[in-house]
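What follows is a short report on a single structure.
The values are calculated or read from the model by the stated rules, or taken from the named source; none is laboratory data. Just so it is clear, the model here is predicted, and its values are computed rather than measured. Note: ideal-geometry Cβ built from the backbone for every residue, glycine included; neighbour counts use all protein chains shown.
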Amino acid sequence: MNNKQQFTRFFSLMIILLMTIVLFGGTHTNVIAQDERVLVIGHAESTDSLDPARGYTQTTGIVNRATYSTLVTFPDEDASRIDPMLATDWEISADGLVYTFNLRDDVAFTNGDSISADDVVFSVQRLKNVTGNPAFLADNIASVEAIDDFTVQFTLNTARPSFLAELTNYAFSITNADQIRENGGTDAEDAAETDEAEAFLNNNSAGTGPYILERWEPQVETVLVRNPDYWGEAPYFDRVIIANIPEAATQKIALESGEIDMALDLTGDQVMSMANDPSIGIFRGPSQYTHFLLMNQDPEIGGVVSDPTVQLAIRYALDYEGYKILWGGVTPGSNMAFGLAGSYGEDQAFSRDLDRARELLAEAGYPDGFEITLSYPDFTWQGVNMNTNAQKIQSDLAEVGIDVSLNPGELQVSLEEYRNGQQGFGYWFWGPDILDPLDLLSFLPGGIVGDRANWSPETADQELLDLIAMAEIETDSEVRLDLFAQLQDYLQQSGPFAPFNQPDVQTAYRADIQGYVFHPQWTMDVSILSRAE
Amino acid sequence: MTSYTTSSIQGYEKPKRLQRLFLELRRNPIVIAGLIVVLVWLIIALLAPYIAPFEPLKQDLLVRLQSPDSEHYFGTDELGRDIFSRVLYGSRITIPAAFMAIMTASLVGSSVGALAGYMGGIPDEILMRFTELFMAFPIIILAMAIAAALGPSVRNLVLTLVVVTWPNYARIMRGSVLEIKNREYVKAVRSIGAPHWYILLHTIIPNALAPIIVYMTLDIGIVIITFAGLSFLGLGPEPTSPEWGRMVSIGIDFFDQWWMWLFPGLAIASLVLALNFIGDGLRDIIDPHLR
Amino acid sequence: MAFQLYLLRRIMFTIPLLLGITVAAFFIANAIPADPINANLPQNALNNEEMVAAFRAKWGLDKPLHEQYVTYLGNLLQGDMGTSIKTRQPIAEDIRKFLPATIELAVTAILISVPLGIFLGAISAIWRNKIIDYVVRTFALVGVSFPVYLLALIALSLFHARWGLVAGPGRIDFAMEPPPDVTGFFTIDSILAGDWSTLRNVVSHMLLPSIVLASYPLGIIARVTRSSLLEVLAQDYMRTARAKGLPEFAVIFRHGLSNALIPVITIIGLSFGNLLAGSILIESIYAWPGLGRYAFRASTSQDFPAIMGVSLVIAFIYVGVNFLVDILYYFFDPRIRET
């Protein structure tokens, strides 16, 4: 039949078309230069800015760790001590208010200018005056002055034992004052309005780090190239590409097929499913994030859970071991992130005791439990799906008769309630801004999370307030340990929080990548990585 | 072209509507298959509590992420819940929600579209610009706004779906009405002085229904799929709910544990395909031009 | 009606629509009960009232709503869509960067789905209720039967990871330099640069996402073609054409398909808007830096100016495409000319 013939012809045409498409396809890696050592990192980019005075996200940390240096730093793998970086040594005045740093005199910025005390002054004042996202870190700095070319002096408003730990933050990156001024930057009082260097710093780095920012294409990729004149040990890779891959499932496929060398945002289960793959290496260890329940102290908002006895009952009712099955990690001994100096480990943590929980509930007048709504954001952070935990919490509390209904909110909506102290019963996580025991004060009356639970200094025990006041300024490490132990003891028995898990953080990489460690401050340092040859 | 000829011969015989329906159905095995699948799902939805071997919400971390075996036919999920039971229970959420959304959307949409198409002129322009306002607005932003303002739940999901789907019905209905109202037989009815409402309800709409029904049967699948898409973006129903789309979207993060996404995915696909085939068959039967 | 008059009328009625969209976008963006300060300031900065006030003043969030709208509209008329709170880039520039990626996908998807959809639909209609009809219909429905992100991931893991037939996520290999930016369309830019290996790579990256994206309109187009062709085949003029002794194929293609195309055109117009906005799921899986993802990110961070900018651009394109569809109507359907 005529039409059938014509159809056959049409069909053949379609098949030829398909063949062309297939020919066009085919995987071929076309690397820029064959002899270049390239590292490709798959990551769900969160960058808000790469300007050290403005950026405050996980990705900013990774990039700025590579492109800038700070005065002092932590060791590669943890926050156990303060090491020199651009500063060779420092002195602290007896009252803890004045810090004097001596700088290295052999360091040059990537454009050849050598660094001096003026660059430090400029960087710190700019951080303070631009009032960008990380500006709060500089709140306690009263002044910063250059004593001579290589000596710089900070004066604080109040003594602050965590000051050196704060200086390790990438927000305190030392930037090239002249270069930034040339590109519209300023550290003047009115820098918030007059500084125009952000666009420049989003596409160029003005630092002394092992890498130079070649370009940042938001939501696509960030490209770093090796700084040939780096003052420290030269890094292995010539070029580092941080490719934005938002979906964890896609990161895993890209890693397995070798397009990326590392995947930073996989879940624990995804990583463990590759444990037996010889071409993949995995890193797994506790993160600095504590997941906790918030029980509002204000009876108007918290209702039943504002009762201290109920709060304790809930701490006894949670299945701590179960959360470890889900996410690995550790059960924190308190709201002080495990890993900070003096934080309680698992041996001092709560363990589940359903009978005790039921007793306490009966004591509080709720022998048959009660109904309550748990609010939390519908969010996944570092592979931990908060929805999964919320369902587990619901099922845990059901065992002692507490009937929880779940109210996941859009992240921003939920954050708003939480930050305004309007959430009665909430589930959140917290990562310390400063890797110092002082961070625990955030959870106490007068602290930022304490406020959100309406746990105010007006209603808190005097005994606790005295402890807080001492902990805030104590610099002697022995005394500090004791004070923070007392605070942690207090939080276990009373208080509106139930920390239940500090999940593992995990990274998977091609087996030939060497030297990877996770860091709680800057996530990862690309300059210490290399490839087996 | 044989089927075409037989059905046109039947047009002359003018058998009773129901009889004709059955006659056509007998000749159309795929419609029967579709009907059986939908019927099975309806029965499952009704009887889920009696046939599910496990509580759909019962967690057991000790058996989490187990592959299918003789105890857990479809394996278990990340919290150790039985996926087979959850898939069965899922039908009780997805089916009524999708039907609700589609019925409401088509009713609202077709009314607006029919009015616009029939009246023409300024009212047409106003109604259609209003419709376009909804259509032109990006679905994602609209859905996020609704979810953020009202909170995620099945009811709000249905509302979101109605808001984003009704304009399609308006467009399609208007398109058909525009085309039909100039046909000879409509002109004929008009020329004998029939009132507008009569022309619209008895002459135009019955003839314009076919594309709407075709679209509804396809759209009900799209609604189920969109449900799943919104779940993926975190705008789905309550987290414990064994809604299929939510199960698949969680399963994406467990791609190696294929049972987590495959079974709820197949549940969705079987229902959507079945509805589509029924739709095609029904359309062939209802459409007066095909007889 | 004369074509010019028809055209003028369409254009005139488009203006209030666009204005309506700005109002809708503005109020929807503001109806989300969340404060952008939460999304855009770090936790510790929120207690600093000075910083919060500075942030509000900077983005005009401290002014009453109607005043904000009037300012916005004024700026818009001068071609200024504002600055994104999140990316701190001018929104027009952001969109110029993200839109081409999405358009490239959407256009390719249309190029794949329209001919294939019409072709499959026609086969289905001609061999109605034969085995081939069932096979074709089932095939056409795959894209609308499975959640698209599941299809996308399965396709990625099979065609890319397992069989290595096509390139994986991203618009181009991660280690490869993108073509010099002229239009923002990687295909066009690499042709302009005469860089064929880049073009091959870019096309290879486009294949999977655009085929998966096409699977959705494909099902709909095939479906609509089938039903409208069936309807047309039963019309009197078709019988007349057959009676005249024209060959069956000519009858179907010359008389049938051209008359059956009206609803198909409608669907294509409707689908295009969906493709732009709905590509977000595919963009997420394929790490495709397009407008859908930009829109999603804008909504999750309460980036009002960006939400409005994206809504406007998508709406504008949608209006444009459907304007074209209306014009096609004019030519395809002679009856409209009579009214």
**Item:** Test for C:PHE296: is it without any contact (Cβ under 8 Å) to a residue 24 or more places away in the chain and either more than 14 Å from the chain's Cα centre (by Cα) or assigned by TED's automatic domain parsing to the domain that holds C:ILE28 (or both)
**Value:** yes
**Request:** May I ask you to list the residues in segment B:57-78 that are over 14 Å from A:LYS392 (Cα atoms) and assigned to a loop (DSSP other than H, G, I, E, B)?
**Result:** B:LEU65, B:GLN66, B:SER67, B:PRO68, B:ASP69, B:SER70, B:GLU71, B:HIS72, B:TYR73, B:PHE74, B:GLY75
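One line per residue, one yes/no per condition, for (1) closer than 30 Å to A:ASP51 by Cα; (2) outside any helix (DSSP H, G or I):
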residue: A:ALA206; (1), (2): yes, yes
residue: A:GLY209; (1), (2): yes, yes
residue: A:THR250; (1), (2): yes, no
residue: A:VAL271; (1), (2): no, no
residue: A:GLN288; (1), (2): yes, yes
**Message:** Which count do you get for residues in segment C:24-82 that are modelled with pLDDT of 75 or more and of a type in the set (S, T, N, Q)?
**Reply:** 4
**Elements of type helices (runs of 4 or more DSSP H) in segment B:138-230, at least 1 residues being over 26 Å from A:GLU410 (Cα atoms) and touching a residue at least 24 places away in the same chain (Cβ under 8 Å)** = B:154-180
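Hey, could you check segment A:215-248 for residues that are β-branched (Val, Ile, Thr) and more than 18 Å from C:TRP288 (Cα to Cα) and say which is farthest from the other protein chains (Cβ to nearest Cβ)?
Filtering segment A:215-248 for residues β-branched (Val, Ile, Thr) gives A:220, A:222-223, A:225, A:240-242, A:245.
Still in the running and more than 18 Å from C:TRP288 (Cα to Cα): A:225, A:240.
Numbers: A:VAL225: 13, A:VAL240: 11 Å.
Looking at residues that are β-branched (Val, Ile, Thr) and more than 18 Å from C:TRP288 (Cα to Cα), I get A:VAL225.
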**Cross-chain or 6+ apart pairs with Cβ under 9 Å, segment C:211-231 first and at the interface with another protein chain (Cβ under 7 Å from one of its Cβ atoms) and more than 18 Å from C:TYR134 (Cα to Cα), then crowded, with 24+ Cβ neighbours inside 10 Å and small (Gly, Ala, Ser)** = C:GLU231/C:ALA260
**helices (runs of 4 or more DSSP H) wholly inside segment A:299-369 that include at least 1 residues being among the hydroxyl-bearing types (Ser, Thr, Tyr)** = A:308-317, A:320-327
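Determine, yes or no, whether A:LEU360 is out of contact with any Pro (no Cβ under 8 Å at 6 or more places or on another chain) and on the phi < 0 side of the Ramachandran plot. Give the derivation first.
Values: out of contact with any Pro (no Cβ under 8 Å at 6 or more places or on another chain): yes; on the phi < 0 side of the Ramachandran plot: yes.
Here the answer is yes, as A:LEU360 does meet what is asked.
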**Request:** Answer with yes or no whether A:TYR376 is surrounded by 20 or more Cβ atoms within 10 Å (Cβ to Cβ), aromatic (Phe, Trp, Tyr), in a helix (DSSP H, G or I) and within 14 Å of chain B (Cβ to nearest Cβ).
**Result:** no
**Item:** Within segment A:143-191, tally of residues that are over 17 Å from A:GLU91 (Cα atoms) and part of a strand (DSSP E or B)
**Value:** 0
**Request:** Scan segment B:231-264 residue by residue and report those that are at the interface with chain C (Cβ under 8 Å from one of its Cβ atoms), within 21 Å of B:SER67 (Cβ to Cβ) and surrounded by fewer than 24 Cβ atoms within 10 Å (Cβ to Cβ).
**Result:** B:ILE252, B:PHE255
**Message:** Suppose we filter A:THR110, A:THR131, A:THR73, A:THR158 for residues that are surrounded by fewer than 19 Cβ atoms within 10 Å (Cβ to Cβ) and either touching a residue at least 40 places away in the same chain (Cβ under 8 Å) or within 30 Å of A:GLN514 (Cβ to Cβ) (or both); which single one remains?
**Reply:** A:THR158
**Message:** Restricting to segment A:126-182, name every residue that is among the hydroxyl-bearing types (Ser, Thr, Tyr) and more than 14 Å from every other protein chain (Cβ to nearest Cβ).
**Reply:** A:SER143, A:THR151, A:THR155, A:THR158, A:THR168, A:SER173, A:THR175
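Hey, among C:GLU93, C:GLU104, which residue is without any contact (Cβ under 8 Å) to a residue 24 or more places away in the chain and assigned to a helix (DSSP H, G or I)?
Being without any contact (Cβ under 8 Å) to a residue 24 or more places away in the chain and assigned to a helix (DSSP H, G or I) holds for just one of C:GLU93, C:GLU104, which is C:GLU93.
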**Asked** For segment A:73-83, does any single residue satisfy the condition of being out of contact with any strand residue (DSSP E or B) (no Cβ under 6 Å at 6 or more places or on another chain) and of a type in the set (Val, Ile, Thr)?
**Response** no
**Request:** Scan segment A:252-269 residue by residue and report those that are in a loop (DSSP other than H, G, I, E, B) and more than 9 Å from chain C (Cβ to nearest Cβ).
**Result:** A:GLY258, A:ASP261, A:LEU264, A:ASP265, A:LEU266, A:THR267
**Asked** Looking at segment A:113-123, which of its residues are closer than 30 Å to C:PHE55 by Cβ and either in contact with a Ser or Thr (Cβ under 6 Å, 6 or more places away or on another chain) or touching a residue at least 60 places away in the same chain (Cβ under 8 Å) (or both)?
**Response** A:VAL121, A:PHE122, A:SER123
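For (1) in contact with a strand residue (DSSP E or B) (Cβ under 8 Å, 6 or more places away or on another chain); (2) buried (at least 19 other Cβ atoms within 10 Å of the Cβ), each residue gets a yes or a no:
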position	(1), (2)
A:ALA249	no, yes
A:ALA254	yes, yes
A:GLU259	yes, yes
A:ALA263	yes, yes
A:SER279	yes, no
A:PRO299	no, no
**Prompt:** Do we have A:TYR99 as at pLDDT below 95, crowded, with 21+ Cβ neighbours inside 10 Å, outside the structural domain of A:ILE242 (by TED's automatic domain parsing) and not hydrophobic (A, V, I, L, M, F, W, C) here?
**Reply:** no
**Request:** Only one of these is at pLDDT 85 or above and not small (Gly, Ala, Ser): C:ILE112, C:ILE126, C:ILE85. Name it.
**Result:** C:ILE112
**Item:** Qualifying residues in segment C:135-149 (those that are at the interface with another protein chain (Cβ under 8 Å from one of its Cβ atoms) and buried (at least 22 other Cβ atoms within 10 Å of the Cβ)) - the one nearest to C:VAL212 (Cα to Cα)
**Value:** C:VAL148
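Run down A:GLY446, A:GLY450 and say which single residue is at positive phi and within 14 Å of another protein chain (Cβ to nearest Cβ). Don't jump to the end; show me each part of the working.
Working: A:GLY450 fails: at positive phi.
Checking each option against the conditions leaves just A:GLY446.
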**Message:** If I filter segment C:180-200 for residues that are buried (at least 24 other Cβ atoms within 10 Å of the Cβ), touching a helix residue (DSSP H, G or I) at 6+ places or on another chain (Cβ under 9 Å), within 13 Å of chain A (Cβ to nearest Cβ) and touching a residue at least 24 places away in the same chain (Cβ under 8 Å), do I get at least one hit?
**Reply:** no
**Fill in**
When restricted to C:LEU77, C:LEU116, C:LEU99, the only residue under 30 Å from C:VAL23 (Cα atoms) and touching a helix residue (DSSP H, G or I) at 6+ places or on another chain (Cβ under 9 Å) is C:LEU99
**Message:** One residue is enough: does segment B:175-198 have a residue meeting the conditions buried (at least 21 other Cβ atoms within 10 Å of the Cβ), within 12 Å of chain C (Cβ to nearest Cβ), modelled with pLDDT under 85 and within 30 Å of A:ALA263 (Cα to Cα)?
**Reply:** no
**Message:** Checking A:ASN276 against (1) at pLDDT below 95; (2) of a type in the set (S, T, N, Q); (3) assigned by TED's automatic domain parsing to the domain that holds A:LEU415: exactly one of these is not met. Which one?
**Reply:** (3)
